[in-house]
1. For the charge dipole of the chain, defined by +1 on Lys and Arg C-beta atoms and -1 on Asp and Glu C-beta atoms about the Cα centroid, which residue among 173, 210, 378 has the Cα displaced farthest towards the positive pole?
2. Please sort through the DSSP H helices of the chain and keep those with an alpha-carbon extent of at least 15 Å along the long axis and a Kyte-Doolittle average not below 0.0.
3. If you take every DSSP beta bridge fully contained in the chain, what fraction is antiparallel? Give it as a percent rounded to 5.
4. What FRET efficiency would be calculated for the residue pair residue 312, residue 58, taking the C-beta separation as r and a Förster radius of 41 Å, to the nearest 0.05?
5. With a ≥ b ≥ c taken as the square roots of the eigenvalues of the C-alpha gyration tensor of region 1-70, please select rounded if a/c is under 1.5 and otherwise prolate if a/b is larger than b/c or oblate if it is not?
6. What's the exposure ranking of 147, 232, going from fewest to most Cβ atoms within 10 Å?
7. How much of the DSSP bridge set in region 5-202 is antiparallel, in percent, rounded to the nearest 5?
8. Mind checking which of 86, 303, 107 has the largest fluctuation in a GNM of the chain, springs on alpha carbons under 10 Å?
Amino acid sequence: MFLTLTQAIIARDRHRFRVLCCGRRWGKTTLASEEIKGKAVSGPRRIAYIAPTYQQARDIAWELLKKELHPIISDTNESRLEIKVRTIKGGESLIVLRGWESIETLRGQQFDFVVIDEVAMMRNFQLYWQEVIRPTLTDTRGEVMFISTPKGFNHFYDLYQLEAKDSDYKSFHYTTYDNPHIPKDELDKAKKELTEDRFAQEYLADFRKTEGLVYKDFSRSRHVTDKQPTKIVRTMSGIDWGWTNPAAACRVREDGDRHYWIDQEFYKREQTTEAIVEAVKLMRPEIVYPDPAEPDRLEIARRAGLNVREVSKDIEAGIITIQELLKQGRIHIHSDCVNLIWEFETYAYPPKKSNQNENELPIKENDHALDMLRYVLHNQSPPLNALKQFKNQIISTR
C-alpha cells in the first residue's frame, strides 16, 4: 500500500511517542495498519491496536489488518481479535485489538508498539494511560502512536502539547484536505452544511470548544493556576464514591475573599471506602461533603474522624453555583488537577433537538470530579433562587 506524502512524513519520524491530530478521512487507520505491519514482520514483537470500543476495533481495523497481513498470517483468533504473523527471520509477532472499555485486560502485559485510535474519545484517558498502558511499555521501551480528531480542549489537547515539554514526543497536524484521495468539492460541500466550529474540528483538526458544554465560561488561562492563596479561612473536601467509575475527591481551600482554590485531587477506580477516606484525611479538611447516597460509607468516614456534613445533590442548582463562581473568577484550579480540568472541558448537554426539554440534564459522563466539587461549592456557597436561575439560563449555556 502506498502512503501519501503526509503519511510518509510521519512514518519516517523516529520519536518514541507520535501524536497525530488529523481531520476525518485523512488516512489515520491506513497509516496505523502500515506501521503495525512493518513492525510485526521486522522482528518478534507484541503489538496492540486500541479503539474506543471492541466493536469499533473490529469495524475500523480488523478486516484491514487481515487483508494487509494475509500472506504472513500464521494464526487468527476471530473472537479475541488476535493475529499471529511470521517475521522475516522466522519468528512470530502477536497483534491484539482491544476496546478502551476493556482496557484493564491489558494490565500486566508488555508491548513493543501500541496504536491508540481516536484518543479524544477515550474516557478517563489520563488514568488508564498512566496506570495500564504506560507500564506495558517499560521493559521494551515500547513506542506509541496516538491518533485522533480533536474533541474540544480535552486530554488529547494536553497530549498534543507535550512535545514542548518532553523530547520523546512529536506532534503532527494535518487536515482532510491533505489526503489527495478525497475530492475537494466534497469537503467544500461539508463546509457549507456544517457549523464553522464543527467543520474546523472534524475536517481541519482544529481544537475548538465542545458544543453544548455545561461550563462554557471555564478557561485554562483564567481558572488554572499554580499560585497559592495567601489567607485560608477554611479547608474542605468533596467525595464522589464510585467503584466501576472513578472515585473522586479534592481539597478546596476558601480564602478571605470567598475565592475557592482546588489544589489536590484523588481520582481512581475500584477503591474501597477505607482507601478513599484515607486519601481524604491526607488533605486535612475541616469539613467534608460526600455523596450521601450510601449511608454505610458515610458512617465509615465519620468513624475515621472526618467531619461529614449533609449534602444537597440538586444538580440543576449546583450547576448554577459553579457557573456563577466561574464567571466571577472565584474558582482557581491547580494544574496538577488534570482530571478535574478534563471534566470541565468535556461535561456537556445532549445534542439539542427541536423537541428537547429545555431543562434536560447534562450527559451522565465525565462528571465524577465535578460532582464532588459541586457537593462542596453548592453546599458551601449556594446562590439565591438557583433553580429559577437555572430555568432562565439553561438555553444560553449551550
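FYI, it's all coordinate maths here, none of it is from the lab. For clarity, every value in this text was computed on a predicted model and none was experimentally measured. Reconstructed Cβ throughout: ideal geometry from the backbone, glycine too, with neighbour counts over all protein chains shown.
1. Sorting the options by dipole projection puts first 173.
2. Values: long enough: 28-42 (22 Å, -0.40); 315-327 (18 Å, 0.92); 368-380 (18 Å, -0.26).
Within the chain the helices that satisfy the rule are 315-327.
3. Values: 26 of 61 bridges.
So the antiparallel bridges in the chain amount to around 45 percent.
4. Values: r = 44 Å, r/R0 = 1.08.
Approximately 0.40, to the nearest 0.05.
5. On the way: a/c = 1.41, a/b = 1.10, b/c = 1.29.
The shape class here is rounded.
6. The fewest-first ordering by Cβ neighbours comes to 232, 147.
7. Working: 9 of 35 bridges.
The answer is about 25 percent antiparallel.
8. 303
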